[in-house]
1. With the checklist (1) buried (at least 16 other Cβ atoms within 10 Å of the Cβ); (2) part of a helix (DSSP H, G or I); (3) modelled with pLDDT of 90 or more in hand, flag the one item Leu589 doesn't pass.
2. So which residues in the stretch 541-567 are part of a loop (DSSP other than H, G, I, E, B) and under 15 Å from Gly592 (Cβ atoms), if there are any at all?
3. Out of the stretch 380-398, which residues are open to solvent by less than 10 Å² (accessible area, probe 1.4 Å) and in a helix (DSSP H, G or I)?
4. Test Met214 against the criterion of being over 34 Å from the mean Cα position of the chain (by Cα), at pLDDT 90 or above and either open to solvent by 60 Å² or more (accessible area, probe 1.4 Å) or closer than 30 Å to Phe376 by Cα (or both), and give yes or no.
5. Could you list all residues from the stretch 111-123 that are at pLDDT below 85 and out of contact with any helix residue (DSSP H, G or I) (no Cβ under 6 Å at 6 or more places or on another chain)?
6. Only residues that are open to solvent by less than 10 Å² (accessible area, probe 1.4 Å), touching a Lys or Arg at 6+ places or on another chain (Cβ under 9 Å) and closer than 18 Å to Asn353 by Cα: list them for the stretch 643-670, please.
7. Which residues, taken from the stretch 423-450, are over 17 Å from His483 (Cβ atoms) and among the acidic types (Asp, Glu)?
8. Read through the list (1) at pLDDT 80 or above; (2) of a type in the set (D, E, K, R); (3) open to solvent by less than 40 Å² (accessible area, probe 1.4 Å), then give the number of the only condition that Arg693 fails.
Amino acid sequence: MELILDGLNCPTCSAKIRQDIEKMPQVKRVEYNTISNKMQIDAEDSADEMVLRDMIEKIVHYYEPEVCVLDPKSETSALSEDVAVPKKTGGWLKKNAIALCGTVLFATAILMEKIIPAAAYFHLTAYLIAYLMIGGEVLLKSAKNIAKGKVFDENFLMSVATIGAMILGDFTEGVAVMLFYRVGETLSDYAQDKSVRSINDLLKLKIPYANLVMQDGTKQIPCEKVEVGDLLLVKSGEQVPVDAVVVSGTAYADTKSVTGEPVLRFVEADDEVYAGYIVTDGPITVKAIKRYQDSMIAKIIYLTKEASQNKSKTEKFITKFAAYYTPAVVIGAVLLGVLPPLLGFGTFGEWINRGLIFLVISCPCALVLSIPLGYFAGIGAASKQGILIKGANYLETLAKVKTAVFDKTGTLTKGSFTVQEMHAVSEMDFGLEETFAAAEHYSNHPIAKAIRKNFRGHIRDEEIADYKEFAGKGVSLTYKGRHIKAGTSAFLNEEDIPETAGRTAVLLSVDDRLAGYCVLADELKADTADAIRMLQEAGITKTVMLTGDRIDAAKRIAEQIGIDEVKGNLLPDEKVRAYREILSEGTILYAGDGINDAPVLAMADVGIAMGALGSDAAIEAADVVVMTDKLSEVGKAVRLAQYTRKIITQNIVFVLAVKFFILGLGALGIATMGEAVFADVGTALIATLNAMRILNHH
C-alpha cells in the first residue's frame, strides 16, 4: 500500500507514526519518504486494505490531526506526487499565537515580581498561566502518549522536568525550560523545512503542457499524453516537454533544469534535446523519442524524491541509540532522586531537583534531529549543483572512498570522435569513406557516428544485408555484394597498423582482405586533469581506467591526466572481471556513462553515472548521477560527502561531550536548570545550525 501524508513536515512525528504502524499485527515493513511525503506499507496478503487504511489514518491523525492521508493515484494527491513542496499546516504566527502570548505574560510576570515582590499569589498565577500557554501542547502530547503506553519521549522528559521544577518552587526556570524547548522545536522545524525546500528546487520541473503539431495547426495537450513519434512545437521561452530529437529549426536551449548549470546549447536538426530544456530563441519542431514518464526529467524527480529513503548507518545507529538511551537516563534520574536521600545523603527536595536537571539534560533531541538533517542538507546541497545522490547511505560511503575507477569514452573524454585520417592499403570497387560508412550504417557507437558523419554521400538500406554487430569488437555485413568487416585488429585477425600506435583506429576488410584503416581522435574533457587532481587532493589514493579501447591509446590518455593504472581492450563482461580484481583496494567509486558500464556501476560501493549524456541503464544502476558532462563534479561530490561527514562528526562529539559533562555536574548538584536547558535545547540549536552550513557548501 502507498499513501501520501500531505502536510507532514515533522521528522519526529513521522518516526513515531512509522513505529506505531510497524507494530500493527499484519504489517511487515513501513518506509516513509520525507521529500515526497510518501509512505509505503508492506502487509500480509490476508490484510483488509480498507480496514488497514482506516487504522493508519487514526494513527496519523492521533499525532498530526491536520495531515491529509491521500491515495497517490487520486487527483487530489497529483500535485504532491509531482512536486513535493512541503506544505504549511497553518501560518507560523497562527500556530504559535498562544505560545507567543504566554511568552509575553511570562516576561510581564518576571518584571512584576521585581516591581511588586509582595504579590506572591499574583506572580504564581501568572507563571502557571504562562506555563500552560507555552507548554500546553507539549503536556497534551505527553498525556496522550502515556495513555497509549508511550512514556519515554522528549514530551514526557520536558513535562516531568518542568512540572517538577514548578513543584519545587522554581517557577521562572520551569517556564523558561518549556519556552526554550518550544523555540528549539520551531527552529529545528525551520531547518528541516529549508532542507526539504532546497531539494525541491530541483523538483519544480513539472512541465504543464506540450504543443502537438496537427494538420490544421497545434493543440495543447498534457505532457503525459505525448506518444513516441509525435511532432511537437516548442516556442521561444517554453520548455521541451519530453526527450526528443530536433526535426526542424535552430535555437539556443538553456539546460539548467537538467544539468544544474545555466549553459546555452545550440541545437539543430538531428540533435537530441531533453525534457526541461528551455528554448530561448525558438521556435523549433521536435519529434518525441520517449514518453514523459520515461524522460530524463521524470527520472530526476523520481530519483530525488526517493533519496531520503536510504538511511545511513549513522542515522540508523542514532535511532537505535535513542531508543535505549532515553529509558536508561529516565531510570537513572529516578534513582538519582530517590536513592541518595534513602541512604541518608541529603534531602529528597535536593536530590529530586538534581534528578529533574538530569532529565532535562538527557533528552536526545539534538542528535535525533541534527544527524538526519545533516545528511538531508548534504543531499540538498548536491541537488543544487546538479548532482543527484540517491540516499544518505551513498553520501556516507562516498566520504570513505579511497579508489576511483573510470570508464574512458564519455567519462574522461568527450565521447564525440572525429575522423583524423583514412588510409587505403588495397584497391576497392568503391571508395574507402563509402565502405566505412556502409559498415557503420546501423551502429550507435560514438565511433560509428563519427565515421558516418565524415561521409558526405548517402547509403541505401537495401544495399546492406546480413548485418551483425559484435559488442566491443566490430561489425560484419554484405554491401553491394561484398563481404565487409570493420573493427579491431583482433576482430579482423590483422596486425596493428604502425601509424595508429597510441591512437584509436578501426580496420576495414573487404572479402577477408585488409582494405584500409581509419584513425579517430576523442578529445579529453577540459576539466578531466583537474578532476583527477581534485580527487587525489581529497584523499583518493588510487585511480584506475577501464576501457574497451586499445591499451596503447588508453595509456597515452592516462599519462596526460595522471591516472595510476590502465586496463584496456575490455569487453563488457571483462570490465566486470577487471573491476573484481581491484576489490581489495578499499572503498571504490566507479564513474561511467554507457550501457556497458551498468553492471560495474551496480557492483561498485558508489556508482556514479555521468547523466547528461548517459544511458538510461547507467542512470538506473548508479548510486549518484552527475547531470552535467563535467568530471570535476565527481570531485565536488566526494568533497561534499567528506564535508557532510565532518559536520555530522562535529555534532555528535559536541552534543555528547556537553551532555555528559553537564550530566556529571547535575548529578553532583553543581549544574542549575539553566545549564540543563543549554545541554538540551542549546546543543540542539547549535547542532542544527551547524548542519545547515552544509546547504551552502560549494
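The values are calculated or read from the model by the stated rules, or taken from the named source; none is laboratory data. Because the structure is predicted, anything quoted here is derived from the model rather than measured. Here Cβ is always computed from backbone atoms with ideal geometry, including for glycine, and neighbour counts include all displayed protein chains. What goes into the accessible areas is simple: the full protein's heavy atoms, side chains included, and nothing from ligands, DNA or RNA. Shrake-Rupley method; radii C 1.70, N 1.55, O 1.52, S 1.80 Å.
1. (2)
2. First, pick out the residues of the stretch 541-567 that are part of a loop (DSSP other than H, G, I, E, B): 541, 547-550, 562-564.
Answer for the stretch 541-567, where residues must be part of a loop (DSSP other than H, G, I, E, B) and under 15 Å from Gly592 (Cβ atoms): Thr547, Gly548, Asp549, Ile563.
3. Our first condition is that a residue be open to solvent by less than 10 Å² (accessible area, probe 1.4 Å); within the stretch 380-398, this holds for 380-383, 386-389, 391-392, 395, 398.
Hits for the stretch 380-398 are Gly380, Ala381, Ala382, Ser383, Ala392, Leu395, Leu398.
4. On the way: over 34 Å from the mean Cα position of the chain (by Cα): yes; at pLDDT 90 or above: yes; either open to solvent by 60 Å² or more (accessible area, probe 1.4 Å) or closer than 30 Å to Phe376 by Cα (or both): yes.
Against the criterion (over 34 Å from the mean Cα position of the chain (by Cα), at pLDDT 90 or above and either open to solvent by 60 Å² or more (accessible area, probe 1.4 Å) or closer than 30 Å to Phe376 by Cα (or both)), Met214 qualifies.
5. The first filter runs over the stretch 111-123 and keeps only residues at pLDDT below 85, leaving 112-123.
If the condition is that a residue be at pLDDT below 85 and out of contact with any helix residue (DSSP H, G or I) (no Cβ under 6 Å at 6 or more places or on another chain), then Met112, Lys114, Ile115, Ile116, Pro117, Ala118, Ala119, Ala120, Tyr121, Phe122 are the ones that fit.
6. Gly666
7. Glu433
8. The failed condition is (3).
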